[in-house]
Amino acid sequence: MVFCGLATPPEGGAKTNVDKLKDRLVLFSANSSPSCMELANRIAERLGVELGKTEVYQDSNGETRIQIQESVRGKDVYIIQTISPDVNRCLMELCVMAYGCVTACARSVCGVLPYLPYSKQCKMRKRGSIVCKLIASLMCRAGLTHLITVDLHQKEIQGFFNIPVDNLRASPFLLQYIQEEIPDYHNAVIVAKSPSSAKRAQSLAERLRVSIAVIHGDAETDLLDGRHSPPTVRTTGGLPELPFCIPKEKHPITVVGDVAGRIAIIVDDIIDDAVGFVAAAEMLRERGAGPIIAMATHAILSADAPRILQESAISQVVVTNTIPHSSQKLQCCKIKTVDVSLILSEAVRRIHCGESMSYYTHTHTYARLFSAKIKN
């Protein structure tokens with residue numbers, strides 16, 4: 001594979017700037033398990049480089065140890081880390097490896113983290129904390145100088161980092177799957193599982209030229225988000241009387257939009273315990289929709305989620321390989337995986353060669369996927 005699209009220098013000639021950049025690139029995987037190494041190997045293959053030699057293991061006392069087995073002095077290091085069920089161990093592996101590269105005099109350390117863990121904890125919950133901000137600070141202090149990720153739970157999470165963050169989009173690959181694997185997708189309706197995911201559903205619907213529906217009524221309550229200002233009861237004791245706050249009331253779940261006789265595609269960024277997706281599918285089936293497809297970027301699929309999906313009214317579960325889920329696929333034959341290693345490898349290449357990322361994410365990808373298909 002030709003790196004950065006340029007030919008190799010003639011024999012005996014001086015190396016081009018591109019070849020010098022290639023000499024400075026080192027690609028590591030921060031996880032040694034086979035399922036987590038799969039995505040790293042795909043990215044390395046697309047870039048035409050080999051994964052750097054490292055040893056990642058756990059001591060008998062549970063501590064994480066990293067052994068970097070080649071020189072990284074003066075080089076640009078890219079650490080690929082996918083998240084396994086042991087989230088905290090994966091975070092420590094990434095941070096320890098990043099710190100090890102910094103102390104070994106690496107020129108820069110970029111983390112390629114397709115799914116950012118703790119991203120759902122990006123808002124205050126009563127007397128809790130914004131854990132995602134803590135994770136961002138930890139990564140920065142460990143030595144990361146850049147971060148590449150895919151479909152953050154909230155785009156505002158980028159503000160938690162004091163380093164550049166490239167938030168890539170998996171939607172072109174999911175849209176391509178819909179167009180190629182769902183023959184009658186023009187008769188589909190994109191369903192937002194909750195009002196918070198309506199913007200994502202609208203974006204997909206506009207590009208596919210189909211309608212949208214929203215499942216409404218699953219809103220957060222005061223008890224969950226902790227917003228008690230002004231209070232729900234009047235107080236006395238000489239203090240100025242605050243306006244009375246009417247408590248929130250959780251309305252019955254309903255579907256806003258026409259779904260009868262349509263292919264329903266439920267979209268969200270994360271599918272975790274799958275309870276929300278299954279409940280949405282049951283409601284859509286009662287409204288006459290079918291078949292019903294669940295689609296998400298990150299397949300956490302924790303606990304009994306694969307079994308629940310297998311027994312549900314959902315006919316397909318379309319996810320990407322940002323998180324390894326080979327064991328979950330053995331429990332649920334409905335899971336279909338879309339490979340996004342192309343956009344991750346291209347992001348690494350463009351950052352390393354100093355090329356524009358906005359041009360790639362906003363123009364090249366969508367033009368390639370939709371210029372011919374939508375017009376037909």
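The values are calculated or read from the model by the stated rules, or taken from the named source; none is laboratory data. Small disclaimer: the values here were computed from a predicted structure and weren't measured. Positions of Cβ are backbone-derived with ideal geometry, glycine not excepted, and every protein chain shown enters the neighbour counts. For the accessible areas, the whole protein counts, side chains as well, though only heavy atoms, and no ligand, DNA or RNA atoms are used. Shrake-Rupley method; radii C 1.70, N 1.55, O 1.52, S 1.80 Å.
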(message) Being open to solvent by 70 Å² or more (accessible area, probe 1.4 Å), within 22 Å of Ser35 (Cβ to Cβ) and at pLDDT 95 or above narrows it down to one residue among Lys336, Lys329; which is it?
(response) Lys336
(message) Tally up the residues in the range 262-289 that are over 28 Å from Arg169 (Cβ atoms) and open to solvent by 50 Å² or more (accessible area, probe 1.4 Å), please.
(response) 4
(message) Which count do you get for residues in the range 83-100 that are over 12 Å from Arg141 (Cα atoms), in a helix (DSSP H, G or I) and open to solvent by 50 Å² or more (accessible area, probe 1.4 Å)?
(response) 3
(request) Confirm whether Ala106 is over 19 Å from the mean Cα position of the chain (by Cα) and surrounded by 15 or more Cβ atoms within 10 Å (Cβ to Cβ). (result) yes
(message) So Arg307 passes all but one of these: (1) under 27 Å from Glu206 (Cβ atoms); (2) open to solvent by 20 Å² or more (accessible area, probe 1.4 Å); (3) not aliphatic (A, V, I, L, M). Which condition number does it fail?
(response) (1)
(request) Please report, ordered by residue number, the helices (runs of 4 or more DSSP H) entirely within the range 262-367 with at least 3 residues that are touching a Cys at 6+ places or on another chain (Cβ under 8 Å), touching a residue at least 12 places away in the same chain (Cβ under 8 Å) and of a type outside the set (A, V, I, L, M, F, W, C). (result) 305-310
